[in-house]
Every structure is written in structure tokens, then in C-alpha cells.
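The values are calculated or read from the model by the stated rules, or taken from the named source; none is laboratory data. All of these numbers come straight from a predicted model, not from anything done at the bench. Cβ sites come from the backbone with ideal geometry, for glycine too, and all protein chains shown count toward neighbours. Surface areas here come from the heavy atoms of the whole protein model, side chains and all, with no ligands, DNA or RNA. Shrake-Rupley method; radii C 1.70, N 1.55, O 1.52, S 1.80 Å.
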Amino acid sequence: MRILIIGGKGTIGSVVTSHFEKTNDVFIAGRTSGDVTVDIADSSSIQAMFEKTGKLDAVICIAGEAKWDNFESLTEEDYYIGLKSKLMGQVNLVRIGQEYLSKNGSITLSTGILADDPVEKTTSAAMVNGAIHSFVKAVNLEIKNGIRVNVVSSGMVEAAYDKYKDYFPGHNPIPMTKVVNAYVRSVHGKGRGEIIRVYN
């Protein structure tokens, strides 16, 4: 398979990439490095990325940002960071990317546990994650050519535990193998419109 992994050099993305590149032709896209570069907050950048990659069998997005801060400190502009990057960035990957996917191809988006179990300072991020879950369920009712769209929603992964543990008191770190298997399920399974939760 020809697979594009956006964010393929990040904490989760690098492990997911290592798995898929064993048996597939994998392209990595990143903001500043990779086989192709992309700013997912910019739809013209997304279009240019797909023009360079050509036809694909699967797209995996493990990218997108949102502002973390106290609710009382978040400005309207702060919310737009998540809306333009993590939300509309991933929506546009589906909207534009469908034209570059083979028949019965798949697109896998990424969110996180904040959609269902938010913690302090995540009003913006939780809102965006929840919106992506709703989008994935709805877009599968209409998308053509047998394309499947799913989302992997993970808890705090083991590799990020030390960095984020103070934000997630009492949360169990998720083994990376479980997270990788969620992406495998989305790409190689038959499910569509699935929110693949990896919280335990």
C-alpha cells in the first residue's frame, strides 16, 4: 500500500511509521521535514502536498494543535488555533484527500481522550476533539468511492507520560503497541465512521 502519514516523525507518529513502513510504501509529511512538507492549517498547502504524493491507498494524520490554557484566559483567537489546525486541518485532509485516494481507501484522523474525559486547561482542545468525532460519523454517510474515514482517540501514551502526567492525575499511560494497533485496525480493517478509543 502507498500510505501517507502526516506527523510521521512525532512521538506517536514515528512509532506508527516504523510499523507501517515494514510492509508498505510510506511517505512522511511534516511541517518542516519529511518526504513532503505541509501546514494542515492551510488548505492550499494540503492541496500541494497531495499533488506531490499522487495516488494513495491510505492517509493517516497524527498532527494538529490546539491551545491549552485556563478557560478564563482563552481568547477568541486562541480557540481559532485549534479550529484551524486540528479541526479544519483534518476536515480539509478528508475534503481534499478523497480525490487522491484509491477506491476503498482509508483516511485515519487523530484526537484524544479529552473528547470524553477532559482535564483542566483543555476547553479548546476537548471541543475540537469532540467536533472531529461528530464529523467522522457524519462524513461516512456521504463520502464516495468506498472511502472509509475513522479516528483514533488515544489516552496519554507512555512516551509522553513524564511530560504530561501532572495534567492527567490518575490516568494510566497507554502502551504504544495498543496505539499502533488502533491505526492498524483503521487502515486494514473494514470499519467506517469508527471512533477507535484507546483509553486503557
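Some observations on this one:
- Cβ-Cβ under 6 Å pairs, at least 6 apart or on other chains, the stretch 161-172 side in contact (Cβ under 8 Å) with a residue 40 or more places away in the chain and open to solvent by 80 Å² or more (accessible area, probe 1.4 Å), far side assigned to a loop (DSSP other than H, G, I, E, B) and not small (Gly, Ala, Ser): TYR167/VAL119
- Any hit, the stretch 127-142, residues being in contact with a Gly (Cβ under 9 Å, 6 or more places away or on another chain) and assigned to a loop (DSSP other than H, G, I, E, B): yes
- Residue count for the stretch 47-65, restricted to those that are open to solvent by less than 40 Å² (accessible area, probe 1.4 Å) and either more than 18 Å from VAL94 (Cβ to Cβ) or over 14 Å from the mean Cα position of the chain (by Cα) (or both): 5.
- Scanning the stretch 29-48 for residues that are more than 20 Å from VAL151 (Cβ to Cβ) and of a type in the set (A, V, I, L, M) turns up VAL36, ALA48.
- Scanning the stretch 1-46 for residues that are closer than 16 Å to THR177 by Cβ and in a loop (DSSP other than H, G, I, E, B), we see that the one that is most open to solvent (accessible area, probe 1.4 Å) is LYS22.
- Candidate set from the stretch 125-137 (those that are out of contact with any Phe, Trp or Tyr (no Cβ under 8 Å at 6 or more places or on another chain) and in contact (Cβ under 8 Å) with a residue 24 or more places away in the chain); member that is farthest from GLN90 (Cα to Cα): LYS137
- Just one of the numbered conditions (1) outside any loop (DSSP other than H, G, I, E, B); (2) surrounded by fewer than 17 Cβ atoms within 10 Å (Cβ to Cβ) is not true of ASP69: (1).
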